[in-house]
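Heads up, the thing below is written out as structure tokens.
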Amino acid sequence: MNFTLHQLQVFLTITKFNSVTKAAEELHLTQPAVSIQLKRLQDQFEIPLTERIGRKIYITGFGLEVAESAQKILDESNRLKSTVNQYKGLLTGKITISIVSTGKYVMPFFLESFMKAHPFVELKIDVSNKLSVVESIKNNTSDFSLVSVLPENIEVESIELLENKLHMVGSSQFDDKNLEDLKSHTFIFREMGSATRQAMERFIGQQKISGFKRMELVSNEAVKQALNAKLGVSIMPLIGLKNELENKQLKIFPLKGLPITTYWNLIHAKGKQLSPAALALTDHIQKHKQEIIDEHFG
């Protein structure tokens, strides 16, 4: 066999998406280039790696076995590369972090000084919903995930980064008295599975609020636009509201039972063998966490 690491990486990406087109987008290659690499890898095996049914591509059982081995080969290759660079005095490697959408207001500040200190480390951040973020840890497709609620049924190790406070928020044109009868307002929720939505539903249950209208939106930015348009009220993380509060577009309404406080945690699967770059990141965050919080979140 004479396959290349590049062919294995292309095949792994195809197995991730079950799509040549999406794999091409992920790898920043053309679709024909991905198809060529897949064919060259397939030519080295007598048993099919993939099969097509209609216009869809599926990975065969044999293909999944090859993908598992390919992942191990690429992991060992990256470790070897890191070892060589360590002897040269350089820290290199790739770190993949999956974060929930509100986490984009948090994670970059904990990465800034690390990336300046280690410019040869590659970083990939995938912003997704909570369910996908947890799956990335479960399926070992990310080194780390950033969550505000620790996942159940998965053993993880975590670094607590920062408080996450959730408040009732609405248009600054609402008077506090307007909020006395909460059920007269439309409650704007995030999508199913969102940790913010779960916190909001718990608050509504505890306060025994009923008879209100509901609206569901899939991102914090969409919720903020709806609040600006006076379409309703929502419970949102304070960390993503800085500009809107300073500009007095939105305001916080003090209510009994609020704020709800959770904590942002950087997690990885328990027992996961972290790369030298990933270990260096955890060390950096542990050492500099408080100064990062004081500088950016004080």
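The values are calculated or read from the model by the stated rules, or taken from the named source; none is laboratory data. Worth saying up front: this structure is predicted, and the values here are computed from it rather than measured. Positions of Cβ are generated from backbone atoms using ideal geometry, with glycine treated the same way; all protein chains shown enter the neighbour counts.
His268 falls short on exactly one of the conditions (1) under 30 Å from Gln286 (Cα atoms); (2) crowded, with 17+ Cβ neighbours inside 10 Å; (3) of a type outside the set (S, T, N, Q); (4) in contact with a His (Cβ under 7 Å, 6 or more places away or on another chain), and that condition is (4). Lys177 fulfils the conditions (1) farther than 23 Å from Thr102 by Cβ; (2) at pLDDT 90 or above except for a single criterion, (2).
Residue-by-condition table, conditions (1) surrounded by 21 or more Cβ atoms within 10 Å (Cβ to Cβ); (2) within 27 Å of Asn220 (Cα to Cα); (3) touching a strand residue (DSSP E or B) at 6+ places or on another chain (Cβ under 7 Å):
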residue: Gly93; (1), (2), (3): yes, no, yes
residue: Gly103; (1), (2), (3): yes, yes, yes
residue: Val127; (1), (2), (3): no, yes, yes
residue: Val133; (1), (2), (3): yes, yes, yes
residue: Lys138; (1), (2), (3): no, yes, no
residue: Ser145; (1), (2), (3): yes, yes, yes
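Thr13 falls short of the stated requirement of being within 24 Å of the chain's Cα centre (by Cα), more than 30 Å from His118 (Cβ to Cβ), of a type outside the set (A, V, I, L, M) and part of a helix (DSSP H, G or I).
Given (1) in contact with a strand residue (DSSP E or B) (Cβ under 9 Å, 6 or more places away or on another chain); (2) of a type in the set (A, V, I, L, M); (3) surrounded by 12 or more Cβ atoms within 10 Å (Cβ to Cβ), where does Ala229 come up short, assuming only one miss? Checking Ala229 against (1) in contact with a strand residue (DSSP E or B) (Cβ under 9 Å, 6 or more places away or on another chain); (2) of a type in the set (A, V, I, L, M); (3) surrounded by 12 or more Cβ atoms within 10 Å (Cβ to Cβ), the one that fails is (3).
Using the structure shown, decide if Ile293 is within 16 Å of Leu161 (Cα to Cα) and out of contact with any Ser or Thr (no Cβ under 8 Å at 6 or more places or on another chain). Judged against the criteria, Ile293 is a match.
Could you list, in sequence order, the residues of segment 180-200 that are without any contact (Cβ under 8 Å) to a residue 12 or more places away in the chain and either under 18 Å from Asn164 (Cβ atoms) or not in a loop (DSSP other than H, G, I, E, B) (or both)? Residue satisfying the conditions is Arg197 alone. Ala117 meets the conditions (1) among the hydrophobic types (A, V, I, L, M, F, W, C); (2) touching a residue at least 60 places away in the same chain (Cβ under 8 Å); (3) in contact with a strand residue (DSSP E or B) (Cβ under 7 Å, 6 or more places away or on another chain) in every case but one. The failed one is (3). Do we have any residue at all in segment 286-298 that's at pLDDT 90 or above, of a type outside the set (S, T, N, Q), crowded, with 16+ Cβ neighbours inside 10 Å and farther than 24 Å from Ser145 by Cβ? The answer is no, given that none of the residues of segment 286-298 is at pLDDT 90 or above, of a type outside the set (S, T, N, Q), crowded, with 16+ Cβ neighbours inside 10 Å and farther than 24 Å from Ser145 by Cβ. I need the full set of residues from segment 120-136 which are assigned to a strand (DSSP E or B) and of a type in the set (A, V, I, L, M), in order please. Val121, Leu123, Ile125, Val127, listed by residue number.
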